[in-house]
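Peer 1: One structure coming up, written as structure tokens, with questions to follow.
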Amino acid sequence: SEEFDLANYDQDRCNDLAKAAFGEAFPIQTMVRLSFVVGGGKLVRQKYSDDLPKIFMSALSAIGFSNDDSAACEADSGGKYKYQHDTGKNLKFVHVFPHITAPQHSPGGGEEGTAANAEDQQRQSPEDKMLRCSLEDFERLVEKHLPTYAQRKSLLDSLKTRVSRWNAIDEKVRRLERLDAEEDAIYNDDLDIEEVQEKEKHISMSLEAMIEEGKLTTSERTALLAMFDEKRAAVESKGKQAPQKLMDMIQKVKGCAPIGLPPLKFAKEIRELNSRLGKLAQIEKASKGKYSLDELKALGERPDIEEALMGYRERSRGWFEADEVFEERLQACLRAGGVGAKKGGGAAPPQRPVSAASSGGFTAVSGGARQVRSKASAPTTRNAFGALDG
């Protein structure tokens with residue numbers, strides 16, 4: 001961990017530092033933590049403004065970084081920061097975990113085979129992360145990133161698909177049939193298929209537990225009842241009696257009171273940025289093309305606000321979350337802040353269209369929170385921390 005002192009830094013210097021130091025990924029393979037002193041006790045307090053922690057963290061947020069108290073020296077913490085008051089040192093820190101990417105090597109450099117580097121790990125989709133992590137990490141990630149039944153059901157479907165696909169290829173191998181390139185890659189992947197099956201069992205048990213505990217949203221409850229009733233009808237149409245376990249499940253679901261969807265992770269930031277865009281729209285409407293210098297300066301900030309808003313929206317999206325569910329959470333966020341909620345994000349500018357093919361909340365959505373970096377120009381420097389000198 002490297003430590004840097006931000007004594008006497010103001011908003012402009014923090015903005016310049018964030019862009020210069022963290023605007024591009026670091027050419028390294030292992031995550032590092034960079035610690036910035038932003039305050040302290042009586043002996044050093046005069047060197048830092050009271051708002052410095054907030055100012056520096058807002059500068060980081062403006063270039064696409066996010067606040068995460070669980071961030072650590074691991075690849076998937078890239079693009080995150082967290083605040084700490086170290087009572088032992090009597091200093092206040094903002095710890096930054098940069099985006100990282102493996103350095104490029106020349107053909108004769110003897111460093112071939114680095115494709116599976118830290119950048120690849122950081123950019124893995126949620127599906128890949130859940131497939132390839134250890135069982136211990138799998139359980140932790142489920143609790144952290146998959147709070148709803150629908151998200152876990154989408155993950156279960158993904159795991160089942162992978163196991164089924166591998167088994168089908170294995171049958172071809174046993175029959176001595178030729179594999180195509182895609183099948184060969186799947187079959188010879190170092191992924192432990194037995195471990196994937198263990199993960200499948202774990203997530204199935206967690207789904208049953210959520211039904212037992214009544215942890216279902218309104219749409220999840222409706223979709224489950226429809227699915228269970230369909231299964232019951234199919235069995236009874238053959239002149240058989242539906243299994244008691246199925247009937248018990250139906251009663252459990254009917255008897256549960258629906259819970260609300262989890263709030264957006266960056267709800268506060270999204271509401272604030274939407275509000276700022278709304279004020280800019282009011283300026284345009286009232287001024288009718290005749291702006292003061294202050295108004296022009298405010299309007300000039302719109303591209304940065306729009307990009308920061310898009311970043312917060314993307315990082316608020318849950319793993320394996322259906323588009324229509326995220327849209328519902330977004331609208332709830334905007335209504336809670338008194339923002340005129342419109343499809344696509346209230347006062348936000350026109351954005352990438354949302355594919356909302358409804359399926360009761362069980363649609364597996366690829367990807368997840370993507371890091372969005374500011375396009376604002378920043379000084380180029382070989383040493384990312386050259387801006388600290390002087």
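Peer 1: Can you tell me how many residues in region 224-254 are within 18 Å of T148 (Cα to Cα) and open to solvent by less than 20 Å² (accessible area, probe 1.4 Å)?
Peer 2: Of the residues in that region, 2 qualify.
Peer 1: Tell me whether region 318-325 contains one or more residues that are under 26 Å from L60 (Cα atoms) and buried (at least 19 other Cβ atoms within 10 Å of the Cβ).
Peer 2: Scanning region 318-325, I find at least one residue that is under 26 Å from L60 (Cα atoms) and buried (at least 19 other Cβ atoms within 10 Å of the Cβ), so the answer is yes.
Peer 1: Could you look through region 155-205, keep only residues that are acidic (D, E) and open to solvent by less than 60 Å² (accessible area, probe 1.4 Å), and pick out the one that is modelled with the lowest pLDDT? Give the steps one after another, and end with the answer.
Peer 2: Restricting attention to region 155-205, the residues satisfying the condition of being acidic (D, E) are 157, 170-171, 177, 180, 182-184, 189-190, 192, 194-195, 198, 200.
Subset that is open to solvent by less than 60 Å² (accessible area, probe 1.4 Å): 157, 170, 183, 189, 195, 200.
Details: D157: 96, D170: 94, E183: 92, D189: 88, E195: 94, E200: 96.
Of everything passing the filter in region 155-205, D189 is modelled with the lowest pLDDT.
Peer 1: Would you mind telling me which numbered condition in (1) open to solvent by 80 Å² or more (accessible area, probe 1.4 Å); (2) under 25 Å from E328 (Cα atoms); (3) assigned to a helix (DSSP H, G or I); (4) basic (K, R) K215 fails?
Peer 2: Status for K215: all satisfied but (3).
Peer 1: Pick from A332, A281, A257: which is part of a helix (DSSP H, G or I), modelled with pLDDT of 90 or more, under 30 Å from L224 (Cβ atoms) and open to solvent by 20 Å² or more (accessible area, probe 1.4 Å)?
Peer 2: On the way: A281 fails: under 30 Å from L224 (Cβ atoms); A257 fails: part of a helix (DSSP H, G or I).
Among A332, A281, A257, only A332 is part of a helix (DSSP H, G or I), modelled with pLDDT of 90 or more, under 30 Å from L224 (Cβ atoms) and open to solvent by 20 Å² or more (accessible area, probe 1.4 Å).
Peer 1: Quick one: in region 273-287, of everything that is touching a residue at least 24 places away in the same chain (Cβ under 8 Å) and not hydrophobic (A, V, I, L, M, F, W, C), which residue is farthest from D69 (Cα to Cα)?
Peer 2: G278
Peer 1: Then there is this: Scan region 153-175 and tell me whether some residue there is farther than 14 Å from F320 by Cβ and not in a helix (DSSP H, G or I).
Peer 2: Yes; the residues of region 153-175 include at least one that is farther than 14 Å from F320 by Cβ and not in a helix (DSSP H, G or I).
Peer 1: I'm trying to understand the selection: among the residues of region 287-299, which are surrounded by 10 or more Cβ atoms within 10 Å (Cβ to Cβ) and in a helix (DSSP H, G or I)?
Peer 2: Passing the criteria: S287, E295, L296, K297, A298, L299.
Peer 1: Identify the residue in region 192-212 that is part of a helix (DSSP H, G or I) and over 29 Å from A257 (Cα atoms) and, among all such residues, is nearest to the chain's Cα centre (by Cα).
Peer 2: V196
Peer 1: Could you check how many residues of region 34-55 are aromatic (F, W, Y) and either surrounded by fewer than 20 Cβ atoms within 10 Å (Cβ to Cβ) or assigned to a helix (DSSP H, G or I) (or both)?
Peer 2: The total comes to 0.
Peer 1: When you scan region 222-254, how many residues do you find that are touching a helix residue (DSSP H, G or I) at 6+ places or on another chain (Cβ under 7 Å) and either under 30 Å from E306 (Cβ atoms) or part of a loop (DSSP other than H, G, I, E, B) (or both)?
Peer 2: Result for region 222-254: 1.
The values are calculated or read from the model by the stated rules, or taken from the named source; none is laboratory data. Since the model is a prediction, treat every value here as computed from it, not as a measurement. Positions of Cβ are backbone-derived with ideal geometry, glycine not excepted, and every protein chain shown enters the neighbour counts. Side chains are part of the model used for accessible areas, which takes the heavy atoms of the whole protein and leaves out ligands, DNA and RNA. Shrake-Rupley method; radii C 1.70, N 1.55, O 1.52, S 1.80 Å.
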